[in-house]
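S.K.: Take a look at this one; I'll ask things after.
Values quoted throughout were computed directly from the atomic coordinates according to the rules given, and no laboratory measurement underlies them. A quick note: this is a predicted structure, and the numbers were derived from the prediction, not measured. In this analysis, Cβ positions are derived from the backbone assuming ideal geometry, glycine residues included, and neighbour counts consider all displayed protein chains.
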Amino acid sequence: MLPAEVVIKEVGPRDGLQNETQKVPTEIKLKLIEMLEASGLSYIEATSFVHPKWIPQLSDADELLKQLSGSAQYSALVPNIKGLERAAQTNLNEIAVFISASEVHNQKNLNKSVQQAMADIKHVIENSCDRYNIRAYISMVLGSPFGDKIELEQVKQLMTELYALGVYEISLGDTTGMADPSQVDEVLTELLTDFDASKIALHFHDTNGLALANIYVSLQHGISVFDTSVGGLGGCPYAEGASGNVATEDVVYLMDQLNITTGIDSGQLLKTADFITTTLNITPVSSQLRKYKGGSR
């Protein structure tokens, strides 16, 4: 049986924009977030406290967060203690930490081993003083393009450590869109023997056009939280070939067809996707946005 409702966690303002080479002004990001909220999205990952040298696009994190005033749950990535110090100057009550199941990707992304990255996460959480709800990402769970094999036992160990640290939810990432429905079925069958589906989210990229099929399989396993990006924006700057995240508007359409409640107004959402892709002069990649832009308004 499929879930009666799902939670869509919008990552477009952070994961969607971080790889854009053109500078996106803070006021455009604020308007994007305002429109996302107006569409009914209740969770928005707004930005990241990664050092501006590594992700210049998100160098306005402090300024952006101080100007947000909506009712959505806002979150931001916090990679280390310095990032936590910056987060403490804002009104955030939720942060996200991240690690990769791939040693190679972890070195490229964080310039650290998996073990060192976990030590940083532990340091961040221990110094959070119970101020934040803490979500975690594990990247490359469903395959690495770097040739290193991802072992599920390694993924399980990371999940066990993160939950023990107090993380309330772990988002498992198909970071370069390598997964297929059969693999997703096998991986979730294995993981859900040890972990509760209610504490797991899935984060799919649509590199090979299989994200929606992978989401459907996840629904069949009882997963009810998915990360998506408006307009299908995004990609990992440290993972070659990682095209955009699965588009929020396509996922909402799928849920509507399955009679699964999202609380999201698809018409308003499509206006939002049209706004950001038009503003950034990006060719629409999602099927719903292409249909919207090709039809009457």
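S.K.: Spin-label point model (7 Å from Cα, Cβ direction): what's the THR160 to TYR216 distance in nm?
M.R.: Those two pseudo-labels are separated by 3.5 nm.
S.K.: Multiplying the sequence separation of GLU5 and GLN183 by 0.36 nm and subtracting their Cα-Cα distance, what value in nm do you get?
M.R.: Details: separation 178, 0.36 × 178 = 64.08 nm, distance 2.41 nm.
Extending this stretch completely gives an extra 61.7 nm.
S.K.: Highest GNM mean-square fluctuation, the chain, Cα pairs closer than 10 Å: which of ALA136, ALA201, ALA164?
M.R.: ALA164
S.K.: Then there is this: Measuring from label point to label point, each 7 Å out along Cα→Cβ, what is the LYS293 to HIS123 span in nm?
M.R.: Label-label distance for LYS293 and HIS123, simple model: 4.3 nm.
S.K.: What is the distance, in nm, between label points placed 7 Å from the Cα along the Cα-to-Cβ direction at ARG86 and at ASP265?
M.R.: Those two pseudo-labels are separated by 3.4 nm.
S.K.: Fewest Cβ neighbours within 10 Å first, please rank SER100, SER182 accordingly. Present the calculation step by step, with values, prior to reporting the outcome.
M.R.: Values: SER100 28, SER182 11.
Arranged by neighbour count, lowest to highest, SER100, SER182 become SER182, SER100.
S.K.: Could you give me D for the chain, from Stokes-Einstein at 20 °C and 1.002 mPa s, where the hydrodynamic radius is the Kirkwood radius over C-alpha pairs? Units µm² s⁻¹, please. List each step's numbers first, then the result.
M.R.: Working: Rh = 19.0 Å.
D, rounded to a whole number, is 113 µm²/s.
S.K.: I want to verify a result. In a Gaussian network model of the chain, Cα cutoff 10 Å, which of these has the top mean-square fluctuation: VAL167, VAL230, VAL11?
M.R.: Sorting by GNM fluctuation, first place goes to VAL167.
S.K.: For a quick check, take a GNM of the chain with Cα springs below 10 Å and name the residue from ILE125, ILE134, ILE260 with the largest mean-square fluctuation.
M.R.: Most flexible of the set in this elastic network: ILE260.
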